[in-house]
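Quick notes on the structure that follows.
The values are calculated or read from the model by the stated rules, or taken from the named source; none is laboratory data. The model shown is predicted, which means the values in this text are computed figures rather than measured ones. Glycine gets a Cβ as well: all are built from the backbone with ideal geometry, and neighbour counts include every protein chain shown. Surface accessibility is based on the protein's heavy atoms, side chains included, excluding ligands, DNA and RNA. Shrake-Rupley method; radii C 1.70, N 1.55, O 1.52, S 1.80 Å.
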Amino acid sequence: TANAKAYGEGSDLLDATHEVSYDCLTERFSSLVPLTNIATEIHRCIISENEIADDASSHLKSIRRSITLANEKIRQQLAKLVADDSQKDKLQDSLVTMRNGRYCIPVKSEYRSQFPGMIHDRSGSGSTLFIEPMSVVNLNNEIKELADEELIEIEKILTDLSLLAAQSVEDILYDMETLVALDFIFARA
């Protein structure tokens, strides 16, 4: 038909009309090396700048589960202690507090001898001592050891991610240079 001829059916005009748009940046974009496996692993392990995912390793998940259980045991033991009616007049508050990373209870200083444990702090007036009862010292120690183990495992995870990235360092550098050039072009535009 006449319209078909006008729109180039069977002619070179149709091929020119349906040709993929091409500009001077297409080649740069298509030259980027997709590093999907590295990106996927980083996103799986790192939640934010300051947080590593529990699932980054099975060992990290286990450590964090143990920390949670130990914290819960301490809270239960101390909650019983501060809820005990026979102890209420000896405590400044029926609160469990943290001092130097350790769970403590606020004991009136005159009752210090009735609460065996470690003193971690005192109030400004000196009337309250923050005591870590002996009944939770071992659990607090366990939490401290687990926290140290957690940091070691996080360092191992980050080292493994660094080694994974190091295997593609040339591609990463190439992509970075290309992206910097593209960013510069878009900033100028």
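Quick notes
- Extreme residue, surrounded by the fewest Cβ atoms within 10 Å (Cβ to Cβ), among residues of segment 119-144 that are of a type in the set (Val, Ile, Thr) and assigned to a helix (DSSP H, G or I): 137
- Candidates 97, 40, filtered to the one that is without any contact (Cβ under 8 Å) to a residue 40 or more places away in the chain and under 24 Å from residue 127 (Cα atoms): 97
- Only one entry of 181, 147 meets the criterion of being closer than 23 Å to residue 48 by Cβ, of a type in the set (Gly, Ala, Ser) and part of a helix (DSSP H, G or I), and that entry is 147.
- Residue 105 vs. criteria under 29 Å from residue 45 (Cα atoms), buried (at least 16 other Cβ atoms within 10 Å of the Cβ) and either touching a Pro at 6+ places or on another chain (Cβ under 6 Å) or modelled with pLDDT of 90 or more (or both): no
- Checking each residue in segment 50-72 for being among the charged types (D, E, K, R), closer than 26 Å to residue 132 by Cβ and surrounded by 14 or more Cβ atoms within 10 Å (Cβ to Cβ) picks out only 64.
- Taking helices (runs of 4 or more DSSP H) as the structural unit, those lying wholly within segment 17-105 and holding at least 3 residues that are of a type in the set (Gly, Ala, Ser) correspond to 58-83.
- Among residues of segment 129-140 that are within 16 Å of residue 72 (Cα to Cα), those with a beta-carbon under 6 Å from a residue that is modelled with pLDDT of 90 or more and open to solvent by less than 10 Å² (accessible area, probe 1.4 Å) at least six positions away or on a different chain give the pairs 132/104; 136/74; 139/70; 139/74.
- Those residues of segment 159-178 which are closer than 16 Å to residue 37 by Cα, in contact (Cβ under 8 Å) with a residue 40 or more places away in the chain and in a helix (DSSP H, G or I), in sequence order: 161, 164, 165, 171, 172, 175
- Of all residues in segment 31-90 being hydroxyl-bearing (Ser, Thr, Tyr) and within 26 Å of residue 139 (Cβ to Cβ), the one that is modelled with the lowest pLDDT: 86
- Condition check for residue 163: under 30 Å from residue 30 (Cα atoms), open to solvent by 30 Å² or more (accessible area, probe 1.4 Å) and modelled with pLDDT of 90 or more: yes
- Checked against (1) within 30 Å of residue 115 (Cα to Cα); (2) open to solvent by 90 Å² or more (accessible area, probe 1.4 Å), residue 43 meets all criteria but (1).
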